[in-house]
1. Condition first: closer than 16 Å to residue 244 by Cα and touching a residue at least 40 places away in the same chain (Cβ under 8 Å). Can you find one or more residues in region 5-21 that meet it?
2. Looking only at region 142-174, count how many residues are part of a loop (DSSP other than H, G, I, E, B) and surrounded by fewer than 21 Cβ atoms within 10 Å (Cβ to Cβ).
3. Quick one: which of 91, 108 is more than 23 Å from residue 180 (Cα to Cα), under 14 Å from the mean Cα position of the chain (by Cα), touching a residue at least 60 places away in the same chain (Cβ under 8 Å) and not in a loop (DSSP other than H, G, I, E, B)?
4. Here's a check for you: in region 253-269, which residue that is closer than 13 Å to residue 166 by Cβ and not in a strand (DSSP E or B) is nearest to the chain's Cα centre (by Cα)?
5. State all residues of region 118-141 that are not in a loop (DSSP other than H, G, I, E, B) and not aliphatic (A, V, I, L, M); if no residue qualifies, say none.
6. Which residues, counting only those in region 223-265, are within 24 Å of residue 280 (Cβ to Cβ) and of a type outside the set (A, V, I, L, M, F, W, C)?
7. With 185, 151 as the choices, which residue is in contact with an Asp or Glu (Cβ under 9 Å, 6 or more places away or on another chain) and either in contact (Cβ under 8 Å) with a residue 12 or more places away in the chain or polar (S, T, N, Q) (or both)?
8. Being in contact with a Gly (Cβ under 7 Å, 6 or more places away or on another chain) and over 21 Å from residue 106 (Cβ atoms) is the filter; apply it to region 253-282 and report the residue that is least open to solvent (accessible area, probe 1.4 Å).
Amino acid sequence: MSRAEFAGLITPDALAARLGDENLVIIDIRTAADGSREAFEAGHIPGAVHSDYAVDGWRAKIGNAPGMLPPLGDLAALAGKLGIKPHDDVVIVPAGTAATDFAAAARVYWTLKFIGHGQQAILDGGFKAWTADAKRPVATGASAPKSTAAYPVVAKQSLRSTADSTLVASRSKQANLVDARGPSYFEGREKSAEAARAGHIPGAIQRDYAGAFDGGKLKAQGELQQLFSAVPQGPVISYCNTGHSAAANWFVLSEVLGRDEVALYDGSMTDWTQDPDRPVATGKAA
């Protein structure tokens, strides 16, 4: 299967046809909210390995920002212990019950793409969609990876925006800032606990990531195109509070709608507001 054919989403039927392939790595990322390892061992896609998105090191707390990209050495070890090798096809399996667990899968997808892996997909509808057909097999018990060699990272820095590059974009309008949070956060009526100030980055367009979903499944491409139609063509920086829900918007814009030059600001507002010199706006978008 070519890289172009594999990127983005994969249906349960397409994944079922691939089970047992030597170069297929399936990562079930269910967290404590979804039952975590206990739920995985009670039932998972045959051949899958488990990695708890919340605790296994997909994100790191740096300073007061809890959602930062971990050091590259840590990511090399994390990908390696899951058995991922450079030419493997990786399928990321969320619970499939809500927009937030898809966002977790999107953040894992983005992280793998950032470290240079080119062949990954999210299971459309997650484990919930897999089990919707009783004919699809389900395995139980623990599962071990095929290998554990550290992944040879080649970072793609263009996929990531830092506070400095986001500040330049905000001032110069060289990129469109897309805020993935709901109106109460964007307008400054509410803030995350780790953020020093409420509000949004000046010039941002508000597009609540939850609007892209029906339950834990993405809406049709035409609906997604309409949802993001207000985002002008050109470079985009997606952000939220901690780089979690923004990963879903990044995925839609980059991998589903095929836009070029879409970056994720992993630190987002919890990182942005640590420096009092960085501007924060409140109120509704202009």
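1. No, there is no match, as no residue in region 5-21 is closer than 16 Å to residue 244 by Cα and touching a residue at least 40 places away in the same chain (Cβ under 8 Å).
2. Here is the first cut: in region 142-174, the ones part of a loop (DSSP other than H, G, I, E, B) are 142-156, 161-162, 173-174.
Subset that is surrounded by fewer than 21 Cβ atoms within 10 Å (Cβ to Cβ): 142-150, 152-156, 162, 173-174.
Selection size over region 142-174: 17.
3. Numbers: 108 fails: more than 23 Å from residue 180 (Cα to Cα).
Answer to the check: 91.
4. Filtering first and then ranking leaves 266.
5. The first filter runs over region 118-141 and keeps only residues not in a loop (DSSP other than H, G, I, E, B), leaving 120-123, 126-130, 139.
Hits for region 118-141 are 120, 126, 127, 128, 130.
6. Those that are within 24 Å of residue 280 (Cβ to Cβ) and of a type outside the set (A, V, I, L, M, F, W, C): 232, 234, 235, 238, 239, 241, 242, 243, 244, 245, 249, 265.
7. Numbers: 151 fails: in contact with an Asp or Glu (Cβ under 9 Å, 6 or more places away or on another chain).
None of the other options fit; the residue is 185.
8. Selected residue: 281.
The values are calculated or read from the model by the stated rules, or taken from the named source; none is laboratory data. The model shown is predicted, which means the values in this text are computed figures rather than measured ones. Cβ atoms come from the backbone with ideal geometry, glycine included; neighbour counts cover every protein chain shown. Surface accessibility is based on the protein's heavy atoms, side chains included, excluding ligands, DNA and RNA. Shrake-Rupley method; radii C 1.70, N 1.55, O 1.52, S 1.80 Å.
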